[in-house]
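The values are calculated or read from the model by the stated rules, or taken from the named source; none is laboratory data. Here the structure is a predicted model, which is why all the values come from computation and not from measurement. Counting neighbours? That spans all protein chains shown, and the Cβs are built from the backbone with ideal geometry, glycine included. Accessible surface areas use protein heavy atoms only, side chains included; no ligands, DNA or RNA. Shrake-Rupley method; radii C 1.70, N 1.55, O 1.52, S 1.80 Å.
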Amino acid sequence: AVERTLSIIKPDAVAKNVVGQIYARFEAAGLKVVAAKMKHLSRAEAEGFYAVHRERPFFKDLVDFMVSGPVMIQVLEGESAVLKNRELMGATDPKKADKGTIRADFADSIDANAVHGSDSAENAAIEVAYFFPSSEVYSR
Ligand code: CMP
C-alpha cells in the first residue's frame, strides 16, 4: 500500500552537508518528498517528539544532540514507505548497520546516527502531524 513516513536528517548529517545525497537515496528507492522543512528544534519540540523515550537512560543525550543544530524534516510517500525507509537507513546503531545503508555510510554513533524514520504506519501518522499540518503535505 502507498504509505507516508516521517524522516528526519539529524544535525550530524546536516553539518556534514549530505542532505542531497540522502534525498537521492530516497528518490532512487521510489520515495517521494511530499513535505519538507529545515528547523532548529527547541528543547521542548525535541522532548515532545521523542516523548515515548522519556524514561530511557539515553533520553537526555538524545535531546541534547537533536537540538545541537538544524535538522531537515520530510514526509516520504510511496509503496511500503515505512519499511522502505527503514531499509535505506539501516540499524539504529551504525556499527550494526548493513553496508550501503545511510547509517553505515554517514553516521558516527547511536545518537549521531544521521537519520530518524518512523517505525510503523501508526507512529508515522502521529509523527507527520507533529511537524506538518495536512495543508503542508503535498501528496502526489
Ligand atoms: P531514532 O530513530 O531517532 O529514535 C530514537 C533515538 O534514540 C535513536 O534513533 C537513537 O539515535 C537514540 N538512541 C540512543 N541510544 C539508544 C538505544 N540504546 N536504543 C535505541 N535508540 C537509542
Worksheet item: Restricting the search to region 41-80, which residues are within 12 Å of the ligand (Cβ to nearest atom), more than 14 Å from the chain's Cα centre (by Cα) and among the small types (Gly, Ala, Ser)?
Response: Ala51
Discussion item. With the requirement that a residue be of a type outside the set (Lys, Arg), over 25 Å from Asp98 (Cβ atoms) and in a loop (DSSP other than H, G, I, E, B), what does region 51-88 give you?
Written reply: Glu55, Pro57, Val67, Ser68, Gly69, Pro70
Fill in: Boolean, Leu83 is farther than 18 Å from Asp12 by Cα and modelled with pLDDT of 95 or more
yes
Worksheet entry | Given (1) within 12 Å of the ligand (Cβ to nearest atom); (2) in a loop (DSSP other than H, G, I, E, B), number of the condition Ile8 does not satisfy | (2)
Fill in: Qualifying position, being among the aliphatic types (A, V, I, L, M), within 23 Å of Ala15 (Cα to Cα) and within 12 Å of the ligand (Cβ to nearest atom), among Met89, Met38
Met89
Worksheet item: Can you name every residue in region 98-114 that is of a type in the set (A, V, I, L, M) and within 12 Å of the ligand (Cβ to nearest atom)?
Response: Ile102, Ala107, Ile110, Ala112, Ala114
Worksheet item: Failed condition for Arg25, given (1) within 16 Å of the ligand (Cβ to nearest atom); (2) closer than 17 Å to Ile9 by Cα; (3) in a helix (DSSP H, G or I), with all others met?
Response: (1)
Worksheet item: Given Ile126, Ile110, which one is without any contact (Cβ under 8 Å) to a residue 60 or more places away in the chain, surrounded by fewer than 20 Cβ atoms within 10 Å (Cβ to Cβ) and part of a helix (DSSP H, G or I)?
Response: Ile126
Item to complete: Considering only residues that are among the acidic types (Asp, Glu) and in contact (Cβ under 8 Å) with a residue 24 or more places away in the chain, look in region 1-56 and name the one that is least open to solvent (accessible area, probe 1.4 Å).
Response: Asp12
